[in-house]
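Student: Next up is a structure, given as structure tokens.
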Amino acid sequence: MSPSDDDRELFRKAVEDVRPIESRDEPPPRPTPAPRARFRRRDEAEVLAESLAANPEAEGETGEHLSFRRPRVGLPLFRKLRRGEISVRDEIDLHGLTAAEARAALYEFLAEAGRLNFRCVRVIHGKGNRSGHAGPVLKRKIGRWLQPRDDVLAYCSARPVDGGTGAVYVLLG
């Protein structure tokens, strides 16, 4: 069906004030989207894992707090451990033992704690005040002994009332 003469005239009157748009050689550029940090969470998780897996020997040498947490241990639980809010079921004091004796005693203690289903124990390794210039021998080694064990989920230096940097709370699983 073709438009009638009246329709054509009506259309012309409707568009009589319309002017053509100036032509451009190229369309206007599209605005670039704002950058997104697509891998930010993964990168932050990797940095956290690296910081938690820091060399415990180096931490011991600086006299700082010892700490380690496996990724499956949530931060709220780890915070409770650091604040001493998890009941310590047993403890071992490694003072006065050689490194070899201390390691054997520690492994035997942890095995027994596992058999008894203890969730948290305290390991007193001492601050090394009488170790002279060599520094705290057991403190430097404690992290290397605990971290590789599958039954150790986390550990951190104890509250001052429980031995401070001379002891660690150990979360077992």
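Student: With the requirement that a residue be out of contact with any Phe, Trp or Tyr (no Cβ under 9 Å at 6 or more places or on another chain) and surrounded by 12 or more Cβ atoms within 10 Å (Cβ to Cβ), what does the range 65-78 give you?
Tutor: Step one: of the range 65-78, the residues out of contact with any Phe, Trp or Tyr (no Cβ under 9 Å at 6 or more places or on another chain) are 65, 70-78.
Listed by number, the residues that qualify are H65, R70, V73, L77, F78.
Student: Test each condition in (1) within 14 Å of F68 (Cα to Cα); (2) part of a helix (DSSP H, G or I); (3) open to solvent by less than 30 Å² (accessible area, probe 1.4 Å) for V170 and report the one that comes out false.
Tutor: The one condition V170 does not meet is (2).
Student: Check the range 99-107 and report whether any residue there is touching a residue at least 12 places away in the same chain (Cβ under 8 Å), open to solvent by 40 Å² or more (accessible area, probe 1.4 Å) and touching a strand residue (DSSP E or B) at 6+ places or on another chain (Cβ under 9 Å).
Tutor: No, there is no match, as no residue in the range 99-107 is touching a residue at least 12 places away in the same chain (Cβ under 8 Å), open to solvent by 40 Å² or more (accessible area, probe 1.4 Å) and touching a strand residue (DSSP E or B) at 6+ places or on another chain (Cβ under 9 Å).
Student: Tell me, which residue of the range 39-54 that is surrounded by 12 or more Cβ atoms within 10 Å (Cβ to Cβ) and part of a loop (DSSP other than H, G, I, E, B) is modelled with the lowest pLDDT?
Tutor: Ranking the candidates gives A54 first.
Student: Going by the structure shown, is L97 in a loop (DSSP other than H, G, I, E, B) and over 25 Å from A45 (Cα atoms)?
Tutor: Considered against the rule, which asks whether it is in a loop (DSSP other than H, G, I, E, B) and over 25 Å from A45 (Cα atoms), L97 comes out as yes.
Student: For the range 59-94, which residues satisfy the criterion of being hydroxyl-bearing (S, T, Y) and assigned to a loop (DSSP other than H, G, I, E, B)?
Tutor: Of everything in the range 59-94, just one residue is hydroxyl-bearing (S, T, Y) and assigned to a loop (DSSP other than H, G, I, E, B), namely S87.
The values are calculated or read from the model by the stated rules, or taken from the named source; none is laboratory data. Here the structure is a predicted model, which means the values were calculated and not measured. Using ideal geometry, Cβ is built from the backbone for each residue, glycine included, and neighbour counts are taken over all protein chains shown. Surface accessibility is based on the protein's heavy atoms, side chains included, excluding ligands, DNA and RNA. Shrake-Rupley method; radii C 1.70, N 1.55, O 1.52, S 1.80 Å.
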